[in-house]
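For reference, the structure is listed below as structure tokens.
The values are calculated or read from the model by the stated rules, or taken from the named source; none is laboratory data. It should be emphasised that the depicted structure is a prediction, and the values quoted were computed from it without experimental measurement. Please note: Cβ atoms are built from the backbone with ideal geometry, for glycine as well, and neighbour counts cover all protein chains shown.
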Amino acid sequence: MDPNTPRTTPRKSATFDDYTLSEIRRAATTGIYDIRGAGAKRKLPHFDDLLFLGASISRYPLEGYREKCGTNVVLGTRFAKKPIELKIPITIAGMSFGSLSAQAKEALGNGATIAGTSTTTGDGGMTPEERGHSKTLVYQYLPSRYGMNPDDLRRADAIEVVVGQGAKPGGGGMLLGQKISDRVAQMRCLPKGIDQRSACRHPDWTGPDDLEIKLHELREITNWEKPIYIKVGGARPYYDTALAVKSGADVVVVDGMQGGTAATQEVFIEHVGQPTLACIRPAVQALQDLGMHRKVQLIVSGGIRNGADVAKALALGADAVSIGTAALVALGDNDPHLEEEYQKLGTTAGAYDDWHEGRDPAGITTQNPELAKRLDPKIAGRRLANYLKVMTLEAQTIARACGKNHVHNLEPEDLVALTVEAAAMAQVPLAGTSWIPGKGGY
Amino acid sequence: MAPRNALARKSNEQHMIEIDLEKEGVRGVNSRLHTLPKDTNERHWLIRNPMGQHAIACGLDAPITVEVGGHAGFYCGGMNKQAEILIHGHAGPGVAENMMSGIVRVDGNASQSAGATGNGGLLVIKGDAASRCGISMKGIDIVVGGSVGHMSAFMAQRGHLVVCGDAGEALGDSIYEARLYVRGKVDSLGADCIEKKMTDHHLAKLARLLDKAEIKANPKDFRRFGSARKLYNFNIDHADAY
């Protein structure tokens, strides 16, 4: 070809982009699907697609820093003799000892306690450190029942029956052998070093009728004192919420697909479930249809990052939110000061998600004692508490601007959407219009 | 199964304390059993009129004997610690689920998921057990006088399951370190479950279990099954086993 002939610029495929090509090569080389931690990374309709309107002539704002704006929340008012009261509507999601180091679990307990909220065990049982450092501790009741025992059940402040999680609704779990230390193995009654599978279904109940009986048993064992949550992944939020209520839940937790996991297949994380934003209104609708909104509390999780996200979730009808990934970042996960070490692991700060491998330089998602001791539970706990307090202040700032004296008084009418998709999912008007997709025959 | 009048006679002989579940309800019965002081002299109880109710005598944590005078529903003896629970009838799903210690004996048959996730203690089912008997068991010993249904000992981690009759399909699927003994036929074995050699050590252990369960059977008539341990660490070339 004549070198003077103009050439078109080389163009890469939008379908076969660089990430896709690298994944094909990785799969062809290893023969195994990609496993990672965290939640969906693809761009999804999210809280950023919503805006608060704030006060104007038709709405009367509250004075910032002077007029009170409440943030407390009471969970478990339906059946439990001892509902739990939290100072802030932001809780710490369930994350297991095993997937996280003992130091990280202690830090979560420290931070949550300073901030006046709860933390949650995970698929591996309750550690004494965790119980000792958590004023309010929610004990997860999972299909694997690793570490489950009646003493810890009674030591808990609330019980969360996990039916599913947003990163993998319908899926179980797998804690790879490299993270199975002596202590983790002992707590789970399995040999050290082998992969530990967590079942996707509970072993002794099937369906909502059985679940109702299971909840009855748990209440009997705990003298009807503990609030019982039911956690579902963001699959069919209307029906799952309705059935959780039917089963006798005190609290329903709905976890969207941005919610994190310790480890599962990339294809599962990115292609199963619904965005958090799409889950809230159907869940609230189910509660309203049953006359149980605010009687059975709703906790929303999956991609909550700041006080604006908190305020938006509450405005859409949630009673509280829960954070996992963001809490780990507050502790020190994916921090740029560890960039050199992330590079050695073939990644970069902000993208590290091989939490299942146990090589976390931040000492959080590891059972390696040398790495784990890098995390100071007191300092990390203080960082988490600071972060929780900032989020709360941010949510209060927005609520006051909308004229609300409690964050729970935020409502959908305070919101507009920036995109048609977000307007449809959140069922609020597209900004600058009165149009809510799907309403009024449009 | 002990007839009602036999239970009454026994009640008088052993000074059992009788509770009428029909009058006191499950909450009333469990509340009384849960609040017994550690050094109680009230060590033998009879629950009359269980009526197949759920969660009877669950969460006990005392060295007492509790007799259930009839059929029980779901989760009877669930999460039991220390107590001896005798069910003079059939038991619903999840009998003795997640038991920690003690003994639960079922005179009749048990429904699905008997002894699920149990950590310790002994569960004896004189009749048959339905599907998923011993699912995810973590150290419990289960002795079944009759047969067990499909998917029994699924993901069984630790402990022993003794089946004096037959076992249904996919016995011991994805089993870890639990040991299974079956006297009758096995419809099929699940993933990673294989027959293993019965040594003198195993025969002696099985004899002790049968003796403790008060079931007469010759250990030499049983076969032993356990994990091939090929699925303990993921290998893509074993993917067709899942």
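This table checks each residue for (1) under 12 Å from residue B:144 (Cα atoms); (2) modelled with pLDDT under 95; (3) assigned to a loop (DSSP other than H, G, I, E, B); (4) hydroxyl-bearing (Ser, Thr, Tyr).
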site	(1), (2), (3), (4)
B:174	no, yes, yes, yes
B:181	yes, no, no, yes
B:198	no, no, yes, no
B:202	no, no, no, no
B:206	no, no, no, no
B:210	yes, no, no, no
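Within region B:112-133, is even one residue without any contact (Cβ under 8 Å) to a residue 24 or more places away in the chain and among the basic types (Lys, Arg)?
Within region B:112-133, one or more residues are without any contact (Cβ under 8 Å) to a residue 24 or more places away in the chain and among the basic types (Lys, Arg).
Any residue at all in region A:248-262 that's assigned to a loop (DSSP other than H, G, I, E, B), touching a Gly at 6+ places or on another chain (Cβ under 7 Å), modelled with pLDDT of 95 or more and polar (S, T, N, Q)?
For region A:248-262, residues assigned to a loop (DSSP other than H, G, I, E, B), touching a Gly at 6+ places or on another chain (Cβ under 7 Å), modelled with pLDDT of 95 or more and polar (S, T, N, Q): present.
Report whether or not residue A:185 is under 20 Å from the mean Cα position of the chain (by Cα) and among the aliphatic types (A, V, I, L, M).
Numbers: under 20 Å from the mean Cα position of the chain (by Cα): no; among the aliphatic types (A, V, I, L, M): yes.
No; evaluated as a whole, the condition is false for this residue.
Could you identify the single residue in A:191, A:150, A:237 that is closer than 28 Å to residue B:176 by Cα and either crowded, with 18+ Cβ neighbours inside 10 Å or at pLDDT 95 or above (or both)? Talk me through it step by step, then tell me what you get.
Working: A:191 fails: either crowded, with 18+ Cβ neighbours inside 10 Å or at pLDDT 95 or above (or both); A:237 fails: closer than 28 Å to residue B:176 by Cα.
Just a single option satisfies the conditions, and that option is A:150.
Restrict the check to region A:277-291 and report whether at least one residue is at negative phi, part of a loop (DSSP other than H, G, I, E, B) and surrounded by fewer than 24 Cβ atoms within 10 Å (Cβ to Cβ). Explain how you work it out, then say what you get.
Looking only at region A:277-291, we keep the residues that are at negative phi, and these are A:277-290.
Restricting the remaining residues to those that are part of a loop (DSSP other than H, G, I, E, B) gives A:290.
Still in the list and also surrounded by fewer than 24 Cβ atoms within 10 Å (Cβ to Cβ): A:290.
Checked against the condition, which is being at negative phi, part of a loop (DSSP other than H, G, I, E, B) and surrounded by fewer than 24 Cβ atoms within 10 Å (Cβ to Cβ), region A:277-291 yields at least one hit.
List the helices (runs of 4 or more DSSP H) inside region A:127-232, counting only whole elements, that have at least 2 residues being facing chain B (nearest Cβ under 9 Å). Break it down into steps so the answer makes sense when it comes.
Details: elements: A:128-133, A:150-155, A:182-188, A:207-221.
Because the criterion is at least 2 residues that are facing chain B (nearest Cβ under 9 Å), the helices (runs of 4 or more DSSP H) in region A:127-232 that meet it are A:150-155, A:207-221.
In the set A:258, A:265, which member is under 17 Å from the mean Cα position of the chain (by Cα) and either surrounded by 22 or more Cβ atoms within 10 Å (Cβ to Cβ) or in contact (Cβ under 8 Å) with a residue 24 or more places away in the chain (or both)?
Working: A:265 fails: under 17 Å from the mean Cα position of the chain (by Cα).
Step by step, each of A:258, A:265 is checked, and only A:258 is under 17 Å from the mean Cα position of the chain (by Cα) and either surrounded by 22 or more Cβ atoms within 10 Å (Cβ to Cβ) or in contact (Cβ under 8 Å) with a residue 24 or more places away in the chain (or both).
Which members of region B:148-168 meet the condition of being of a type outside the set (Gly, Ala, Ser) and either more than 18 Å from residue B:99 (Cβ to Cβ) or more than 12 Å from chain A (Cβ to nearest Cβ) (or both)? Show your work before the answer.
Initially, region B:148-168 is screened for residues of a type outside the set (Gly, Ala, Ser), giving B:148, B:150-151, B:154-155, B:157-158, B:160-164, B:166.
Hits for region B:148-168 are B:148, B:150, B:151, B:160, B:161, B:162, B:163, B:164, B:166.
Out of region B:79-135, which residues are farther than 19 Å from residue B:163 by Cβ, within 10 Å of chain A (Cβ to nearest Cβ), out of contact with any Cys (no Cβ under 7 Å at 6 or more places or on another chain) and among the aliphatic types (A, V, I, L, M)?
Of everything in region B:79-135, just one residue is farther than 19 Å from residue B:163 by Cβ, within 10 Å of chain A (Cβ to nearest Cβ), out of contact with any Cys (no Cβ under 7 Å at 6 or more places or on another chain) and among the aliphatic types (A, V, I, L, M), namely B:100.
Could you tell me how many of the residues in region B:169-186 are away from chain A (no Cβ under 14 Å) and without any contact (Cβ under 8 Å) to a residue 24 or more places away in the chain?
3
Based on what the data block shows, is residue A:392 closer than 23 Å to residue A:279 by Cα, outside any loop (DSSP other than H, G, I, E, B) and in contact (Cβ under 8 Å) with a residue 40 or more places away in the chain?
Numbers: closer than 23 Å to residue A:279 by Cα: yes; outside any loop (DSSP other than H, G, I, E, B): yes; in contact (Cβ under 8 Å) with a residue 40 or more places away in the chain: yes.
It is true that residue A:392 is closer than 23 Å to residue A:279 by Cα, outside any loop (DSSP other than H, G, I, E, B) and in contact (Cβ under 8 Å) with a residue 40 or more places away in the chain.
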